[in-house]
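The values are calculated or read from the model by the stated rules, or taken from the named source; none is laboratory data. The structure displayed is predicted, hence computed values, not measured ones. In this analysis, Cβ positions are derived from the backbone assuming ideal geometry, glycine residues included, and neighbour counts consider all displayed protein chains. Keep in mind that these areas ignore ligands, DNA and RNA; they rest on the heavy atoms of the full protein, side chains included. Shrake-Rupley method; radii C 1.70, N 1.55, O 1.52, S 1.80 Å.
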Amino acid sequence: MTTYSATLGGRTYSFAGLAGLLAAASPERSGDRLAGLAADSAQARVAARWALAEVPLARFLAEPVIPYETDDVTRLIVDSHDAAAFAPVSGLTVGELREWLLSDAADAPALAALAPGLTPEMAAAVSKLMGNADLVAVARKVQVVTAFRSTIGLPGRLATRLQPNHPTDDPAGVAAALLDGLLLGSGDAVIGINPATDSPKAVRDLLDLLDGVIDRYSIPTQSCVLCHVTTSIDLMERGAPVDLVFQSIAGTQAANASFGVTLGLLDEAYEAARSLARGTVGSNALYFETGQGSALSADAHHGVDQQTVEARAYAVARRYDPLLVNTVVGFIGPEYLYDGRQILRAALEDHFCGKLLGLPMGLDICYTNHADADDDDIATMLTMLGVAGASFVICTPGGDDIMLNYQSASYHDALYLREVLGLRPAPEFEAWLGRIGLLDDGGGIRDVAGTGHPLTAIGRGLAA
Amino acid sequence: MTERQVMALESDAALWNSLRRHTQARIGLGRAGSALPTRHRLELQAAHAAARDAVHSPFDPDVVASALAGAATIRVRSAAPDRLTYLQRPDLGRRLHDVDRAHLPRDGWDVVFVVADGLSSRAVHEHAAAVVRATTQRLPSDWRVAPVVLAEQARVALGDDIAHALGAKMAVVLIGERPGMSAADSLGAYLTYDPRPGRTTDADRNCLSNIRPPLGLSHTAAATKLATLMRRARDLGRTGISLKDESTSALPQP
């Protein structure tokens, strides 16, 4: 195994292999300490960054962090690497890549052309040399546009996932939260429910409910019930109205196995979803969620730090031209990301790496009650990710998800972000908001409480 | 305001009130500009504060010991020395403190109840002793029940280590669940037959959650379910998914 080293303050620090170097160079987080991979000291961490800055990008092609023979995600990364796209940066070190990304030469077309030439490990490596502001500045320049019934990722736009979860999938309860979100201008990325059970019958009922509302009110958006991919395949075969096929994914073969998925299974889902051709303005039909720590949690990280493993999940995602990808950044708990500071850092890293690798990256900006974070952290993260150009964020009623028991952004938070940054909804959805009288003269969402808005019929039928 | 506007206003308010019967989601909150009205912002903060306090309030074993009214108890710590470490190092919360391991009397116990602080000491203080007492009353009189172990900075799997040290066939861990925004006092119960430290996985356990009268499961209902599960576990010689499947009809979800 190659040893990497750097001398700092008269002391020489050594790191075993690229995986060891990447782990030691990572900004501090509880998950890497739990895995025994974190740098021993603050100085060792900076020494690792000095050493990492000197590593030629080409080295990442020669030294996979997880062996090619034992992991199909590594094989996917290596086999799908685009040497021609890589050529413009092939002579650079990681430190030089950072400077190039921050330069004017790295404009939107140049970054889009580079994406297939970068591996997840290269993206993770350069992120470790970048400050939070760097991660915002570069991600902001990347444009990734996808479409189904709405178009996601256009400049100056921010979409939202409306998440009307209910602990028992009660249709009236779901519809109530759905109505609340629509009246607050949410739902242009997707109306997506985490079901309480994975039973095909329960999922089908929710799909029919969402499809009925989208059809009845001609809403230019897509629905998704976030069940296991095998359940979606089964339901598609039975003619269920499946818009987007969802799956949680991770950055190693073993971690994906812990989710019950293989690349072959995802290939099958991809073909099935595209063959339904339910999109009107585009055909991106997959939706993935990821999150730092999931591989370690499944004891499937192979000694690779949690941020690098997370970036490897994006290699899996990009194989399937997804409409949406989001990291569920603060959900996993304080043993992986301890506090608001660590969650913010991870959010910026994940968004940056996803975008750099060509993904329509959004976020579930969130925290659990045993993490050291609160609603002020949500506001900070939301603002930074809005500036960074996140494709979409997840929104829940009042920011409180009563099914998954965590706090995310609220519908109100999305209103705030659109207002302060001048961001608009997806164009098709924005036009629909105008048609149903929810847009004000400034392009914001009108407060229609107490006016008997026609959409309230969604609730009136079920409330009876 | 016209009569029609008044009707719409009243009708919308009635609609949200009606919809709130179907969900505890924070719907129809209204707006202050783009933001939440002050009242709703403070309500969210109050719920979060209750959850944070439940996570960080220290566990007081005396509260549980006195509520157990004279039953024998043993106090142990996990290898996590404090709350900060506990939250970041689940591996330490699953392991007994080396000194305390020696306090556990090895014998042929049928079952040990472990009262563990977990993520809500409040849940443990309010519910654990009552569940232990009610469950014990429902067990066959010839079962040998070990002294109740009161465990600090403990995860569920600490029960494996404790049962192993005691030589107990079965562990019942009553533990404070991660507080949500609507409940900060919810107790969980995890039943594990033949627990083996480091080898037992979550799939080998049966769980009752949301023990939290009056809104959740009552102490006696939890005790009845637990005692039924425990007898069945002993008959079958196992716990986990297989046990759960066979007893689904007898065990409606809380």
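Residues in region B:17-51 that are surrounded by fewer than 16 Cβ atoms within 10 Å (Cβ to Cβ) and within 23 Å of B:Gly118 (Cα to Cα): B:Gln45, B:Ala46, B:Ala49.
Checking the condition open to solvent by less than 40 Å² (accessible area, probe 1.4 Å), at pLDDT below 95 and either assigned to a loop (DSSP other than H, G, I, E, B) or within 12 Å of another protein chain (Cβ to nearest Cβ) (or both), which residue from A:Gly398, A:Gly437, A:Gly389, A:Gly443 passes? Exactly one of A:Gly398, A:Gly437, A:Gly389, A:Gly443 is open to solvent by less than 40 Å² (accessible area, probe 1.4 Å), at pLDDT below 95 and either assigned to a loop (DSSP other than H, G, I, E, B) or within 12 Å of another protein chain (Cβ to nearest Cβ) (or both), namely A:Gly443.
Only one of the numbered conditions (1) closer than 24 Å to A:Asp299 by Cα; (2) at pLDDT below 90; (3) in a loop (DSSP other than H, G, I, E, B) is violated by B:Pro214, and that is (1).
Output the number of residues of region B:7-26 satisfying the condition of being of a type in the set (D, E, K, R), within 21 Å of A:His166 (Cα to Cα) and more than 7 Å from chain A (Cβ to nearest Cβ).
Count: 2.
Taking first residues from region B:59-77 that are closer than 22 Å to B:Asp160 by Cα and partners that are open to solvent by less than 40 Å² (accessible area, probe 1.4 Å) and assigned to a helix (DSSP H, G or I), the Cβ contacts under 6 Å between residues at least 6 apart in sequence or on separate chains come to B:Phe59/B:Ser121; B:Val64/B:Ala128; B:Val64/B:Ala129; B:Thr73/B:Ala65; B:Arg75/B:Pro61; B:Val76/B:Asp100; B:Arg77/B:Asp100. Looking across region A:27-85, the residues that are of a type in the set (Val, Ile, Thr) and part of a loop (DSSP other than H, G, I, E, B) come down to A:Val55, A:Val65, A:Ile66, A:Thr70. Of the residues making up region A:123-154, those that are within 26 Å of A:Ala277 (Cα to Cα), part of a loop (DSSP other than H, G, I, E, B) and of a type outside the set (A, V, I, L, M) are A:Gln143, A:Phe148, A:Arg149, A:Ser150, A:Gly153. Within region B:27-44, being facing chain A (nearest Cβ under 7 Å), within 34 Å of the chain's Cα centre (by Cα) and not β-branched (Val, Ile, Thr) holds for B:Gly28, B:Leu29, B:Leu36, B:His40, B:Leu44.
Looking at A:Gly358, A:Gly362, just one residue is surrounded by fewer than 23 Cβ atoms within 10 Å (Cβ to Cβ) and at pLDDT 95 or above, and that residue is A:Gly358. Only residues that are over 18 Å from B:His40 (Cα atoms) and touching a residue at least 24 places away in the same chain (Cβ under 8 Å) were counted across region B:4-26, and they come to 0.
Of the residues making up region A:197-231, those that are touching a residue at least 40 places away in the same chain (Cβ under 8 Å) and among the hydroxyl-bearing types (Ser, Thr, Tyr) are A:Tyr217, A:Ser218, A:Thr221.
Screening A:Val420 against (1) on the phi > 0 side of the Ramachandran plot; (2) open to solvent by 10 Å² or more (accessible area, probe 1.4 Å); (3) modelled with pLDDT of 95 or more leaves a single unmet condition, (1). Screening B:Asp100, B:Asp107, B:Asp12 for residues that are under 25 Å from B:Asp194 (Cβ atoms), out of contact with any strand residue (DSSP E or B) (no Cβ under 8 Å at 6 or more places or on another chain) and not aliphatic (A, V, I, L, M) leaves exactly one candidate, B:Asp107.
In region B:1-16, of all residues being open to solvent by less than 90 Å² (accessible area, probe 1.4 Å) and of a type outside the set (A, V, I, L, M), the one that is nearest to the chain's Cα centre (by Cα) corresponds to B:Trp16.
Selection within region B:52-63: residues that are open to solvent by 20 Å² or more (accessible area, probe 1.4 Å) and within 13 Å of chain A (Cβ to nearest Cβ). The member of this set that is nearest to A:Gly399 (Cα to Cα) is B:Arg52. Candidates A:Ser218, A:Ser232, A:Ser258: the one that is of a type in the set (S, T, N, Q) and closer than 13 Å to A:Arg149 by Cβ is A:Ser218. Filtering region A:95-122 to residues that are in a helix (DSSP H, G or I) and over 24 Å from the mean Cα position of the chain (by Cα) leaves A:Gly95, A:Glu96, A:Glu99, A:Trp100.
When B:Leu44, B:Leu36, B:Leu29 are screened for being of a type in the set (A, V, I, L, M, F, W, C) and touching a residue at least 12 places away in the same chain (Cβ under 8 Å), only B:Leu44 passes. Taken as a whole, the structure places B:Ser66 among residues that are among the hydroxyl-bearing types (Ser, Thr, Tyr) and open to solvent by 50 Å² or more (accessible area, probe 1.4 Å). For A:Ala409, the conditions (1) open to solvent by 20 Å² or more (accessible area, probe 1.4 Å); (2) more than 9 Å from chain B (Cβ to nearest Cβ); (3) closer than 28 Å to A:Pro167 by Cβ are fulfilled apart from (1). Flag: A:Asp32 matches the condition of being closer than 30 Å to A:Asp339 by Cβ and charged (D, E, K, R).
Taking first residues from region A:339-360 that are under 19 Å from A:Phe86 (Cβ atoms) and among the polar types (S, T, N, Q) and partners that are modelled with pLDDT of 95 or more and not in a helix (DSSP H, G or I), no Cβ contact under 9 Å between residues at least 6 apart in sequence or on separate chains turns up.
Quick check: anything in region A:65-85 surrounded by 18 or more Cβ atoms within 10 Å (Cβ to Cβ) and basic (Lys, Arg)? Looking through region A:65-85, none of the residues is surrounded by 18 or more Cβ atoms within 10 Å (Cβ to Cβ) and basic (Lys, Arg).
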